[in-house]
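Below: the structure, in structure tokens.
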Amino acid sequence: AGAAIKFNINNTDILTALGSGNVGIGTAAPSTKLHVVKGVGSLPSLSSSSLMLLQNNLNTSDSVGLDLISGVYGASTVNFGNTGDETAFHLQYYPQYGVLGFYYDNALRMELWSSGSNIGLNVGYGAGGNDILNVSATTGSTNDYFSVSNASDGDIFMIKRSGNVGIGSTSPVSSLDI
């Protein structure tokens, strides 16, 4: 497999490149193609398909993270795909709008959103971009709701925070408004 190439500072290995092609930052024995270590604890068995490992498990309360930072008007994206479709499924965050979109087959399928004191969940986008399931809430508001809709008819079923239920009505004024 060949000799390792090591970069060190003050006799401490900082970066190691093995003859196998594995590269380690903070470890002299990288387990994957890229292995970044902060705190070294024991490793579980890794999948043979693992290409990258971020490790910080010296203590049981240690955490690890991966940051994707975009411009305010850009987006941060994580793609899950295959050789036939590199974006078969992807997550995309739009910081300008406070929206995290879940896409399948390049179509928006679900989104979580937050704007100020408003939060929401929209699921199952149909034709024309209309969501099929919508949950919306505003801190301190009495206008929160849960709704089921379709592209041609809009909201077909709604439950308001007041407990009023509307079937075919987006503003139910009684316990059951049809």
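Once you order the gyration tensor axes a ≥ b ≥ c over the Cα atoms, which shape class does segment 3-55 get: rounded for a/c under 1.5, otherwise prolate or oblate by comparing a/b with b/c?
oblate
Counting only protein chains, not ligands or nucleic acids, how are Asp105, Asp62 ordered by accessible area (probe 1.4 Å), most first?
Correct descending sequence by accessible area is Asp105, Asp62.
For the chain, with a Gaussian network of springs between Cα atoms less than 10 Å apart, report the residue from Ser63, Ser49, Ser117 with the top mean-square fluctuation.
Result for the chain, Cα springs under 10 Å: Ser49 fluctuates most.
For Cα Rg over 2.2 N^0.38 Å, several values are listed as (i) 1.54; (ii) 1.82; (iii) 1.07; flag the one computed from this structure.
Recomputing Cα Rg over 2.2 N^0.38 Å here picks out (i).
Tell me, what is the FRET efficiency for Asp105 and Ser171 to the nearest 0.05, using R0 = 41 angstrom and their Cβ-Cβ distance as r?
0.70
Got the relative contact order for segment 70-118 handy, in percent, Cα pairs under 8 Å and 6 or more residues apart?
Relative contact order comes out at 27 percent.
What percentage of the solvent-accessible surface of the chain, computed with a 1.4 Å probe over protein heavy atoms, is contributed by carbon and sulfur atoms?
The value for the chain is 57 percent carbon and sulfur by accessible area.
Subtract the Cα-Cα distance of Ser49 and Ser115 from 0.36 nm times their separation in residues, and report this length gain in nm to one decimal.
Extra length from Ser49 to Ser115 when fully extended: 19.9 nm.
The values are calculated or read from the model by the stated rules, or taken from the named source; none is laboratory data. Just so it is clear, the model here is predicted, and its values are computed rather than measured. So basically every Cβ, Gly included, is an ideal-geometry build from the backbone, and we count neighbours across all protein chains shown. Just the protein is used for accessible areas: all its heavy atoms, side chains included, with ligands, DNA and RNA removed. Shrake-Rupley method; radii C 1.70, N 1.55, O 1.52, S 1.80 Å.
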